[in-house]
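Novice: Handing you this structure, nothing more for now.
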Amino acid sequence: MFQVSQTASPSALPAFLQKRPVMAGYQRTLRLDTNRPQAVVHVLGTSLKTSLNRSAPPSSKFFSVKCTPSVQYSITPPPQGTSHLTPIPLQGNSVLLISMSQASQEENDSKLSVCYYGENKKVLGIAVLHLTAVEISLDVDADRDGVVEKNNPNKGSWKWGSSGHGAILLVNCDSEPTYQKKPDCQEDCTPKVSDLKDMSLMVLRTKGPARLPSGYKLTMHISQGDAESVRVFRSRIPGVQKNTLQQPSSTVVKDLLRVLSIDVLSQDVPYVGGTAEMNFYVEGLRFPDKDFDGLISISLSLLEPISAGLPETPIFTDKVVFRVAPWIMTPNTLQPMEVFVCSTSDNNQFLKGMNNLVAKVGSKLKICSEDVNRGDRWMQDELEFGYIDSPHHWFPVVLDSPRDGELQDFPYDELLGPDFGYVTRIAKRKDVSSLDSFGNLEVSPPVTVNGKNFPLGRILIGVAFPTATKGRNMTKVVQDFLWAQKVQEPIALFSDWLFVGHIDEFMTFVPAKDRKGFRLLLASPDAGYKLFRGLQKDGHGQAKLFEGLKGQEPVTLDEILNDKSLQAENNYVQSCIDWNRDVLKRELGLDDDDIVDLPILFKLELEKKEEEEETYRAVAYYPDMVNMIVLGKSLGIPKPFGPKVNGRCALEAEMCSLMEGLGLSCTFIDDFASYHKLLGEVHCGSNVRRKPFDFKWWNLEF
C-alpha cells in the first residue's frame, strides 16, 4: 500500500511521517531510473539523496512521491501552497531525501516511487525503488569502560582526556609459549585462548533479512600504512556473542580466522542475517615511534554490485579508531613488586644485604644466576621495567637496552612470557655508548609544571652537554621511542661529564609525606665539603675514610680537605650538577625545598680514547649514596665507609638524619668491592618492577 506524496505543510503530513523524523548524517547519492525498477539496500541511520531534476525525463514539470509505511522522505526546497494530493512543481534544485525506520524482515519488503508529469500533468515516467533496510554497526569500546557499546557516535575518532573517547589497543608483546618463544605479535600462528585478552574486542552488529540481495557484501579493510601495526582476527562461527572484553571459549579460538594483516588489506566478512553479532579481535603489533603516531583506523564497507564483470562500489562505510597504548615507566614512588639482582662470584656480601632489605619490605627477590648473567652484574643497565594498560587488561613490559652486555639474553629469555611483554630498539653498534645503559634512564614522580599536569611523571635521560661538538649521547632510536610514547614527556639532562655517564650517579627520587609527595635527591660535593669541614672544625680531622677496608688505603679528613686538586675537580662536578639542578627545577616545577643535597664527593679519572684527545670524567670518590634502591619507605644505600665519629660513620649519620626526617629508613649495603670499585653501586646492580599507576594514561589532557 502506497502513501501519497509529502505536502508543503507539516500539519498535513501523514501521521506516521510526523512521528518518524528523517535521519540526518551520512548521505548517499542515488540516481533514479524511470526505465527499470531498482533494488536498493539502505543502511539505517543514513539517508539516500537524489536530485529529482537530474533523473527526470525531458519536459518534466511536476512530480509526486509514494512510499510504503516504513519509508520516510523529505523534499527540499519544501513545496509551497501545494496539496499533498497534487503533483509538485519540479525545480532545478529539487532534492529528495529517503530513509527507513526499521530493518527489513525480508529482501525488498519496502517500496518508493517517483512519478514525473509533463505540462498537462501527463505521466512521463515512473522511477520505482525496491528497498531493503539493514542495520550495520562496527563497534569498539569507544567510551573506555571495558564494554563494547553499540554505535558510539565518537568511535571513528580519538580524543584525550577524562571526557575523551576512542578505543585502546595493546601491543601483543608478551609470549604465550614458554619454549622457542618470541613476542606474540611476531608469531604467525593462530592465537591461543589466553592470548585473546591481550587483544581489543571489536564487534560487528547487523540486523536485517536472512540474506542480502544478490551481489551485495560486507568487506573489512585497512590502509597499507596501518596494516603494519595491527592484525584482525574473527571467529569462523558467526552468531550472537557476548560483547564484553572477556576471555572467549576455546571453540572460538580453534576456529579463529585472520581477517586483516600486512598481507591482507581487505577481506569479505559474513553477513549473518537476522539480529547478529560477530566478534573480532584486534592485535597491536608495534608501539608508537618516530614513524607511527599510534593511531589506527579499521573500516567496514557495504559493497553494491553494478554489473557483471565490474567491481562493486562502496555505498556505506563505518570506521573505528584505536590508539596503541604507550609504554609507561614507573617511578620510585610506586609500590615495589619484585627486585632483581645478579649473583656473581664476588658479591655475596651485597646479596646478603639486598636479601635482608627485600625481606623487610615484603617484596620478592629474584636472583639471576651466574650461568645466565655470565658475570654481568649491572641489572639496572640492561633493562627498564614498564607496563602497558587498557580498560580491559594490563601487563608489565620490559624495555631491553641496546647496551647488550653479557646480560643481553636475560630480558628475552627470562622475563618474556605469558603476561610479561618485551620491547627493544636496535641501534647500530657504532652508535651505542655507555649512555645507552638504562642507569641513564629514569622517570620522575607525578608533577605539575606551570599549571600543566604530568600525572605519570616525566622521563629523564642523560646526554652530552648541548654545546659539545663531541660527546656521548643516548642513541637516537631509543630517544625517538621514548618521545613517541607521549605520556611521559622526556627531559634531557647533562650526564656526559661522568665516566660512566648515567644520571643515577647524581640523582634519584624518594617518596615523602609532604609537599609534592616526593623529594629529589642530588649528589652534592658542596654538601660533602661542608660536612667534612664541620667535622674538622670539631677536632675530627684525623678521622679516616675507608678504614678497615681490605685493599683500600685509608685517607683522613685533613688529607681530603687539603687536596686542592680534588677540590677543583669537585667544583667542576658541582657546576655540572647545578646545571642539571636548574633544568630539573624548571622542567619538574620544583622549589629548592623539594631538593635534598647529599654529601658525596667525586674525582676525575682519565679516559683514554684512540685517535682522540684524552678526556677526564668523574667517578664517585667513595660509595655514591644517591645511587640507591628505593622500596617504599625503605632505602637500600651504598655503605659509604666514611670517617667514624664517636664510633659511627659520619656519612651514614648524615644520611639517616636527612632521610628519617622524610619518614624513610636507611639500610646500608656493602657494595664496595663488588660494585663501587667497578664504577657502579646498589642501584646499578639492581632493578625493581613496580605496580602501575592508578591514573589511566588515556585521561591525560593534551
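The values are calculated or read from the model by the stated rules, or taken from the named source; none is laboratory data. For clarity, every value in this text was computed on a predicted model and none was experimentally measured. In this analysis, Cβ positions are derived from the backbone assuming ideal geometry, glycine residues included, and neighbour counts consider all displayed protein chains.
Novice: Failed condition for Asp289, given (1) among the acidic types (Asp, Glu); (2) at pLDDT below 95; (3) in contact with a helix residue (DSSP H, G or I) (Cβ under 8 Å, 6 or more places away or on another chain), with all others met?
Specialist: It is condition (2) that Asp289 fails.
For every residue, the table says whether it meets (1) surrounded by fewer than 22 Cβ atoms within 10 Å (Cβ to Cβ); (2) among the β-branched types (Val, Ile, Thr); (3) at pLDDT 95 or above.
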site	(1), (2), (3)
Pro311	yes, no, no
Leu334	yes, no, yes
Asn348	yes, no, yes
Leu357	no, no, yes
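Novice: What pairs come out if I take residues in region 215-236 that are within 19 Å of Ala325 (Cβ to Cβ) and in contact (Cβ under 8 Å) with a residue 40 or more places away in the chain and pair them with residues that are of a type in the set (Asp, Glu) and crowded, with 20+ Cβ neighbours inside 10 Å whose C-beta lies under 8 Å away, six or more apart or interchain?
Specialist: These pairs meet every condition: Val230/Glu283; Arg231/Glu283; Val232/Glu283; Phe233/Glu283.
Novice: Considering only region 223-271, state which residues are crowded, with 17+ Cβ neighbours inside 10 Å, modelled with pLDDT under 90 and either within 24 Å of the chain's Cα centre (by Cα) or under 21 Å from Leu302 (Cα atoms) (or both).
Specialist: Listed by number, the residues that qualify are Ser235, Pro238, Asn243, Leu245.
Per-residue answers, yes or no, for (1) in contact with a Leu (Cβ under 6 Å, 6 or more places away or on another chain); (2) not in a strand (DSSP E or B):
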residue	(1), (2)
Pro391	no, yes
Leu399	no, no
Pro402	no, yes
Gly405	no, yes
Tyr412	no, yes
Gly421	no, no
Ala427	no, yes
Glu442	yes, no
Thr448	no, no
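Novice: Next question. Pairs needed: first member in region 571-589, farther than 25 Å from Lys516 by Cβ; second member anywhere, crowded, with 20+ Cβ neighbours inside 10 Å; C-beta distance under 7 Å; at least 6 residues apart or different chains.
Specialist: Listed pairs, sorted by first residue: Val573/Pro525; Val573/Phe602; Val573/Ala618.
Novice: Among the residues of region 664-674, is any surrounded by fewer than 23 Cβ atoms within 10 Å (Cβ to Cβ), under 35 Å from the mean Cα position of the chain (by Cα) and not in a strand (DSSP E or B)?
Specialist: Yes, some residue in region 664-674 is surrounded by fewer than 23 Cβ atoms within 10 Å (Cβ to Cβ), under 35 Å from the mean Cα position of the chain (by Cα) and not in a strand (DSSP E or B).
Novice: Being of a type in the set (D, E, K, R), at pLDDT below 95, under 30 Å from Gly386 (Cβ atoms) and within 18 Å of the chain's Cα centre (by Cα): is that true of Lys181 here?
Specialist: Details: of a type in the set (D, E, K, R): yes; at pLDDT below 95: yes; under 30 Å from Gly386 (Cβ atoms): yes; within 18 Å of the chain's Cα centre (by Cα): no.
Here the answer is no, as Lys181 does not meet what is asked.
Novice: Given the structure, is Asn450 surrounded by fewer than 18 Cβ atoms within 10 Å (Cβ to Cβ) and assigned by TED's automatic domain parsing to the domain that holds Asn571? Spell out how you get there, then give the answer.
Specialist: Working: surrounded by fewer than 18 Cβ atoms within 10 Å (Cβ to Cβ): yes; assigned by TED's automatic domain parsing to the domain that holds Asn571: yes.
Here the answer is yes, as Asn450 does meet what is asked.
Novice: Let me ask something else. Quick one: count up the residues across region 180-225 that are farther than 20 Å from Glu135 by Cα and assigned to a loop (DSSP other than H, G, I, E, B).
Specialist: 13
Novice: A further question follows. Could you please tell me which pairs satisfy a Cβ distance under 6 Å, a separation of 6+ or placement on different chains, a first residue in region 543-562 that is closer than 19 Å to Lys677 by Cα, and a second residue that is among the small types (Gly, Ala, Ser) and at pLDDT 95 or above?
Specialist: Leu545/Gly642
Novice: Let me ask another. Identify, from the list Tyr572, Tyr616, the residue that is surrounded by 14 or more Cβ atoms within 10 Å (Cβ to Cβ), of a type in the set (Ser, Thr, Tyr) and assigned by TED's automatic domain parsing to the domain that holds Lys516. If you could, list the steps in order and put the result at the bottom.
Specialist: Details: Tyr616 fails: surrounded by 14 or more Cβ atoms within 10 Å (Cβ to Cβ).
Checking each option against the conditions leaves just Tyr572.
Novice: Here's a follow-up. Looking at (1) part of a loop (DSSP other than H, G, I, E, B); (2) surrounded by fewer than 22 Cβ atoms within 10 Å (Cβ to Cβ); (3) touching a Leu at 6+ places or on another chain (Cβ under 9 Å), can you tell me which one Gly642 breaks?
Specialist: Condition not satisfied by Gly642: (2).
Novice: Would you point out the residue of region 109-149, among those that are out of contact with any Ser or Thr (no Cβ under 6 Å at 6 or more places or on another chain), touching a residue at least 12 places away in the same chain (Cβ under 8 Å) and of a type in the set (S, T, N, Q), that is surrounded by the fewest Cβ atoms within 10 Å (Cβ to Cβ)?
Specialist: That would be Ser113.
Novice: Moving on to the next point. For residues that are under 45 Å from the mean Cα position of the chain (by Cα) and buried (at least 19 other Cβ atoms within 10 Å of the Cβ), scanning just region 45-57, find the one that is nearest to Gln91 (Cα to Cα).
Specialist: At the first step, the residues of region 45-57 found to be under 45 Å from the mean Cα position of the chain (by Cα) are 45-50.
From what's left, buried (at least 19 other Cβ atoms within 10 Å of the Cβ): 46-48, 50.
Details: Thr46: 25, Ser47: 21, Leu48: 19, Thr50: 13 Å.
Once the filter is applied, the top-ranked residue is Thr50.
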